[in-house]
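Okay, so here's the structure we're looking at.
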Amino acid sequence: MLSAALANVRDEDAAARQAITFGLVGEGVGVEFLTWCAAADLPDPAAVVDDPSLMDWDGRPDRVWAVLSSVVGWAASQGTVSAWQSAWRPLLAAADGGSVDVAAAAARPLSLCRPASARVPAAVRTRFAPVLAAAGLGTAA
C-alpha cells in the first residue's frame, strides 16, 4: 500500500512522503524506510563498468557488495565476451581500493558466468588466482 501511495508523490516533496509513510506504517518503521530510501543511491552498473572511479571502493562494504553484485548481474545478462571482460574492471578497482575481500567474493560468480569464448584478462588471473582456481578456472586464459 505504501509503494502505491508514494508512486503518486513527487520525490522532492519530503513532507508528503513522510506523512504518507508514517500514516501507513508508523513512525518507527517509517523513519527506517525513509532513511533506507535516502541511502539507496546505487549507481548504474553499466556506468561503473565504464568508469570504476565513480565508486568509493574503500567505503561501506555493503554498498561495495551491492554495486559489485549488480555489475556481475549486468555482465551475466549481457552475455557477451566484451561485457564479461569489462565487468572485471570494477572488481580490480575495488580490490585495489581496499575492498579485496568483497571483490574476491564477487569474482567467483563473475567467473562462473564466463561466455564460452571469453579469455580471463591477465590482470584478473594475477589478482584473483585463488578465487578462479576455486571456480574451476585455474589460471587458464
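The values are calculated or read from the model by the stated rules, or taken from the named source; none is laboratory data. Computed from a predicted model, the values in this text were never measured in an experiment. Backbone-built Cβ (ideal geometry, glycine too); neighbour counts: all protein chains shown.
General remarks:
- Residues that are exposed (fewer than 12 other Cβ atoms within 10 Å of the Cβ) and either of a type in the set (Val, Ile, Thr) or in a loop (DSSP other than H, G, I, E, B) (or both), drawn from the stretch 35-56: Thr35, Ala40, Asp41
- Considered as a group, the residues in the stretch 57-72 that are in contact with a helix residue (DSSP H, G or I) (Cβ under 8 Å, 6 or more places away or on another chain), part of a helix (DSSP H, G or I) and hydrophobic (A, V, I, L, M, F, W, C) include one that is farthest from Ala116 (Cα to Cα), and that residue is Val64.
- Any hit, the stretch 82-94, residues being more than 30 Å from Leu6 (Cβ to Cβ), over 17 Å from the mean Cα position of the chain (by Cα) and not hydrophobic (A, V, I, L, M, F, W, C): yes
- Checking each residue in the stretch 73-100 for being farther than 15 Å from Arg119 by Cα and without any contact (Cβ under 8 Å) to a residue 12 or more places away in the chain picks out Ser77, Gln78, Val100.
Yes or no, residue by residue, for (1) in contact with a Leu (Cβ under 8 Å, 6 or more places away or on another chain); (2) over 17 Å from Ser53 (Cα atoms); (3) assigned by TED's automatic domain parsing to the domain that holds Trp57:
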| position | (1), (2), (3) |
| --- | --- |
| Ser69 | no, no, yes |
| Gly73 | no, yes, yes |
| Ser77 | no, yes, yes |
| Thr80 | no, yes, yes |
| Ser86 | no, no, yes |
| Gly97 | no, no, yes |
| Asp101 | no, yes, yes |
| Ala107 | yes, yes, yes |
